[in-house]
Amino acid sequence: MDFAKFDFDYYERSIKGMYQNYFSKRIGLASGALILIVLYSLVFRESLWLNGLLVIILAGIIFYLSSQRQKFPEIYQQFLAENLPEAKIEHIQESEYSFDVMRGNEVALRINKKGMRNFPAQNKQYTMMVGFEKTFFAKQPLEILYYDVLDLTYEESYRLKRNGYSNVPRFLRRFSWGNIKSSIGNGFSFILGNLFLLFILFRLLRYLLVIFRQFM
């Protein structure tokens with residue numbers, strides 16, 4: 001099973017685009033928040049210490065995301081090395097919002113369905129899955145793996161939902177405990193990170209409301 005080198009060479013440009021787009025979106029959001037805070041501070045001259053601290057934190061986040069965005073060649077080669085001399089074939093279980101990599105009876109990692117792509121491998125028996133880990137905080141979110149589509153299984157509750165045996169409306173399922181739990185990763189980081197994100201969101205909405213009232 002020495003087809004991995006061919007696949008990695010053939011799909012490198014497409015996977016690089018996915019990887020850079022993942023970080024570019026987050027850099028854009030953080031940059032937009034930083035610009036809004038700076039403009040608000042310059043115009044209204046209030047909460048300068050707090051806003052200055054937020055600007056420093058956001059600048060650090062942007063720097064970190066930018067540095068991670070540049071690491072694609074190194075990370076890509078690490079995945080290639082893991083699949084040489086033979087490709088490593090994983091068993092995949094599909095759940096509602098993720099593809100779960102199963103090692104024995106345990107979930108080793110979850111790949112978010114959103115943004116995931118399947119690439120046909122040179123060996124037609126297998127498929128290369130490329131996506132990003134379904135956690136709010138992943139040190140390195142990119143995942144590249146091989147699996148056999150014919151061996152794909154379904155998580156039991158998801159299988160029942162597919163067959164219409166769910167009492168929860170579809171639009172509410174994203175907020176189900178199972179979906180939230182699958183996204184948590186490190187619980188401590190999840191709590192701290194979301195408190196910070198909620199605080200940033202609150203400040204931005206407040207600033208936008210003040211600006212709207214001032215100029216409308």
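Annotations for the structure displayed:
- The residues of the range 147-186 that are touching a Ser or Thr at 6+ places or on another chain (Cβ under 7 Å), at pLDDT 65 or above and open to solvent by less than 50 Å² (accessible area, probe 1.4 Å), listed by number, are TYR147, TYR158.
- Output for the range 98-125, where each listed residue is crowded, with 20+ Cβ neighbours inside 10 Å and among the aromatic types (Phe, Trp, Tyr): PHE99
- Scanning the range 85-139 for residues that are over 27 Å from PHE6 (Cα atoms) and β-branched (Val, Ile, Thr) returns VAL107, THR135.
- ILE92 open to solvent by less than 30 Å² (accessible area, probe 1.4 Å) and outside any helix (DSSP H, G or I): yes
- Scan of the range 114-141 for residues that are among the aliphatic types (A, V, I, L, M) and not in a loop (DSSP other than H, G, I, E, B), ordered by number: MET128, MET129, VAL130
- Failed criterion for VAL43 (all others in (1) among the hydrophobic types (A, V, I, L, M, F, W, C); (2) closer than 30 Å to LYS161 by Cβ; (3) surrounded by fewer than 14 Cβ atoms within 10 Å (Cβ to Cβ) hold): (2)
The values are calculated or read from the model by the stated rules, or taken from the named source; none is laboratory data. The structure presented is a predicted model; accordingly, all values stated were derived computationally and were not measured. Glycine also receives a Cβ, built like all others from the backbone with ideal geometry; neighbour counts cover every protein chain displayed. Ligands, DNA and RNA are stripped out before the accessible areas are found, and what is left, the full protein with its side chains, is counted by its heavy atoms. Shrake-Rupley method; radii C 1.70, N 1.55, O 1.52, S 1.80 Å.
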